[in-house]
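Step one of this worksheet: look at the structure below.
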Amino acid sequence: MDDLATLPEGIRQIHHTLSPYIKQRQDALHVRHVLAAHLNSNVNSGDSFLTPATLSLAEPTSEVTQGLGFPGVQHDYLRSLQANLKAQRDFAAISSQRDEPESHSEIQAKTHDKVTSKEISVHAFLDLEKQRQRKERFRIIQDVVDQLAQKPAATQDYLDLKSVDVLKNIGSLPSVPPSVMAPIEHLQDSERTDLKSLVDRLEKSVLRAQLLLKKEQKLLAKVRTDASTPKDQQEQGSRQKALETARNELINWIETELGKAGDSPAASEGQNSSVPENIGKEYIESQLASIKQLYGQYLEIRKRLIVAATENLTTSLPAEVGTDDSSDMLLDEPTNDTSSTKNASTFSYLEDLVLISNEQKSTIQQRSYLTSSLAKQGKEASKDLDRLVDESHLLPTYPTQTVNNPQRKRLGEPISFEQEISNSDKPTLSSRAKAWVFAAESSSIATKEAVLERLEDGESALAGAYQTLNDLQRLLGCLPEEQGAEGDAGRQKLGISNIGGVWSTLDGNLGVIRTDDLTSD
């Protein structure tokens, strides 16, 4: 039990759970004897003999005796077991008789044959492995040769000087000077001319000329197609440009409207909250009809702008723009020359108006972007200031002093923009930054005052130290040069030296006595 106390808690729990199954050696032997006696009493059933314990092991060496006290099934089992043992003994005897004629030499021969067969099998395996490696090397070499054979350099005509492929990517050689070629021409005239070489050269020159002719024809056809563009295509190109400008303006307008909608989230939320959840079909159809009508008016106005930009004044324009009662826009046809001249004078300014409108839209879009970005930055700055206010100790220590001047308001004097911002109910970033500036300046002033006070205390302490040092010097007789210069003349007359000690003020000739003692020694 003392050993269990030193063990961990887990091991002690395991020992406690297994303690009913763990016995001492004497207890285990006692239990075994009791179990053996109990089994003996049940098996023998009162007879004097005991059956062997190894009845289940059918070995040739075991002996089985048939008793009279066993029931029918056990008696049959013992009889069959006895027959099995007899058969095993007979088989062992026959096998021993068969194995006796074999001599020791035959056994050695068999073992030698087995060893040699194993060696032969190992040599055969090694030879087979060498053959496989050799086959793999040959296969790799054959693959490389096949790859090289597939390349153009492996063909027979690749290095033929007569073929065109060799000299295809090589530039033309420089012409030989006539002075060098003159004797060669005389020799060629004298010798027999080679007709086959001349025919080959002629064929090559003809082929080259045909290739150059095809290239020139392709270039000429391309130039003609580019130069011969009909007027209808030019007009279509101008109309396409006008449509592209209209599309770009429409996209810019939609972007500006979306930017405005993004700048006012509160209004959009309020409008969405006012719309009922379940909208009827009639309401949706009415809204769609109004949108279609507005879009039709927009298309008509856009057509007029396109016509004005292309200066096609002769085309007849529609008289009505829309059927809306609130906005009836009519365009009268030109009846006389004066009206046409007025329209022409107004059309000349349309291009400038379009440019101005584009600039205005861009400025509006830029203003919306700047306002949104400034608002985001203001929110971030306010969050940072709130966090710093919670963490800082300057603002509670040095708060800003709000000055109210009711007399000026009562007298009706003008109030500055700064005072109006500072007197507003909601603090702005400038006012909050001003509070930080005021707190920083106040803390710096307080620090300067504390430093000056410390300096004054230090100066007073330094003056006291100087006074104490002067008193000590005066006591020791070591006065400064300024004070000692005044009494030098009188002291020299009296025969008194400037250097003295603490004992210099005493009466008597102590110094003479000291010198007499030194001389006597």
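The values are calculated or read from the model by the stated rules, or taken from the named source; none is laboratory data. Please read these numbers as outputs of a predicted model, since none were measured by experiment. Cβ coordinates were reconstructed from backbone atoms using ideal geometry, including for glycine residues, and neighbour counts include every protein chain displayed.
Within region 224-237, one or more residues are modelled with pLDDT under 75, outside the structural domain of N358 (by TED's automatic domain parsing), assigned to a helix (DSSP H, G or I) and farther than 30 Å from A308 by Cβ.
The sole residue among E106, E129, E102 that is modelled with pLDDT under 80 and part of a helix (DSSP H, G or I) is E106.
Put simply, of T54, T65, T17 the only residue that is assigned to a loop (DSSP other than H, G, I, E, B), modelled with pLDDT of 60 or more and hydroxyl-bearing (S, T, Y) is T65.
Of all the criteria given as (1) at pLDDT 80 or above; (2) closer than 30 Å to N358 by Cα; (3) hydroxyl-bearing (S, T, Y), the one not satisfied by S286 is (2).
The criterion of being under 30 Å from L374 (Cα atoms), modelled with pLDDT under 85 and in a helix (DSSP H, G or I) holds for D390.
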